[in-house]
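Worksheet: one structure, shown below.
The values are calculated or read from the model by the stated rules, or taken from the named source; none is laboratory data. This is a predicted model, so every value here is computed, not measured. Neighbour counts run over all protein chains shown; Cβ positions are idealised from the backbone, glycine included.
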């Protein structure tokens, strides 16, 4: 029997995450989109205060498109309802088979009645997969199931501000005052889920400063974590190039000049005297540390020999830019000839792509490769990238689009989407 398509109201917190897990576990429903309220200007999830980039990274890790309910700061209830209904209209256009909107509410009857009225007025039926679950048991299940979350907003009339930024774990549950619901259903606190069984990869975050708003709500600012300096897979170690890699790299580049020459920029893979190559690798390391670009040297875990490189370059519509200004990226790769054909490039690229998506920064990632470079084209396809441009006949452009843009494409056919260029 086919599953019923459902759109889930999504805050990025533990209750909506548990609702998603429950819907998936039921084998009755297929969650096809996440509906999230974003406050324009602040560019953050309404009430929770989480940056848009992080909830987009969350949706990408969940593997479900994000549909926005766009709100102005200090929106009235009437304005909220109008924005919500408008978003449901986009849902109807993008997912015409959807009849149900699900919510993670637990036991507040007045909230449930409000949601029922709102979605039924738009022609949908509400679902409440967690309704009347014991919140003490549910909070413990959240932790024991492997979820990880941070408290991002605390109502200081009910809970001390010091709880903002804390991990939602067993110690936190033990420290909660008896008057506070373990799931925060009374609005005592809100959370952001950064790891757990519903996510294909964890979201890399760090806790920034805590700010008090309206003399009542303590918000812990979550930030994308810096790019890790080392990644590991089953067969590979990927890390920033270092000048000390030059002695081993020189003979590799010399032996692979014919293999790499037609496809890669000479400045990146041209063989050179050790001193010159040391200077080049030193520049790569400085750029890596400054988040200008990330060139990961690819090593075999077994014998630590250099295999090649996986690179990621932050971009905007004008070209390459610092990480802080980027909204997209380009992916590149090369491997020595005697190690080609073993899936090493795809394995390393997946690790770098997971890292890139976890930052929450990039709306698109793109690969450029020559149409004649059959192995490079094959890697792009194996990674799930889609060929979007081959108009020149020589260059193939492959794109991987985030779940947010995919939702926009399906919901609004006239969406204007930007492209980035890259070279491999």
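Remarks
- Qualifying residues in segment 99-114 (those that are surrounded by fewer than 19 Cβ atoms within 10 Å (Cβ to Cβ) and in contact (Cβ under 8 Å) with a residue 12 or more places away in the chain) - the one nearest to residue 21 (Cα to Cα): 100
- Subset of segment 308-338 [part of a helix (DSSP H, G or I) and surrounded by fewer than 16 Cβ atoms within 10 Å (Cβ to Cβ)]: 324, 325, 337, 338
- Unique match (being crowded, with 17+ Cβ neighbours inside 10 Å, without any contact (Cβ under 8 Å) to a residue 60 or more places away in the chain and not in a strand (DSSP E or B)) among 118, 138, 130, 173: 118
- Test: residue in segment 156-164 that is crowded, with 21+ Cβ neighbours inside 10 Å, under 26 Å from residue 7 (Cβ atoms) and out of contact with any helix residue (DSSP H, G or I) (no Cβ under 6 Å at 6 or more places or on another chain): no
- Scan of segment 39-85 for residues that are in a loop (DSSP other than H, G, I, E, B), farther than 27 Å from residue 365 by Cβ and free of Cβ contacts under 8 Å to residues at least 60 places away in the same chain, ordered by number: 41, 46, 72, 73, 74, 75, 76
- Subset of segment 342-364 that is at pLDDT 90 or above and in contact with a helix residue (DSSP H, G or I) (Cβ under 6 Å, 6 or more places away or on another chain) - its residue that is surrounded by the fewest Cβ atoms within 10 Å (Cβ to Cβ): 346
- Within segment 380-398, residues that are exposed (fewer than 15 other Cβ atoms within 10 Å of the Cβ) sit with their Cβ atoms under 8 Å from residues that are in a helix (DSSP H, G or I) and modelled with pLDDT of 80 or more, at 6+ positions apart or across chains, in these pairs: 382/346; 387/380; 387/381.
- Each residue in segment 195-213 was checked for being within 26 Å of residue 108 (Cβ to Cβ) and surrounded by 14 or more Cβ atoms within 10 Å (Cβ to Cβ), and 2 of them qualify.
- Among the residues listed as 32, 55, the single one being within 21 Å of residue 357 (Cα to Cα) and within 15 Å of the chain's Cα centre (by Cα): 55
- The lone exception for residue 303 - which of (1) in contact with a helix residue (DSSP H, G or I) (Cβ under 8 Å, 6 or more places away or on another chain); (2) over 30 Å from residue 206 (Cβ atoms); (3) at pLDDT below 95 it fails: (1)
- Qualifying residue in segment 228-236 (condition: within 27 Å of the chain's Cα centre (by Cα), in a strand (DSSP E or B) and modelled with pLDDT under 85): no
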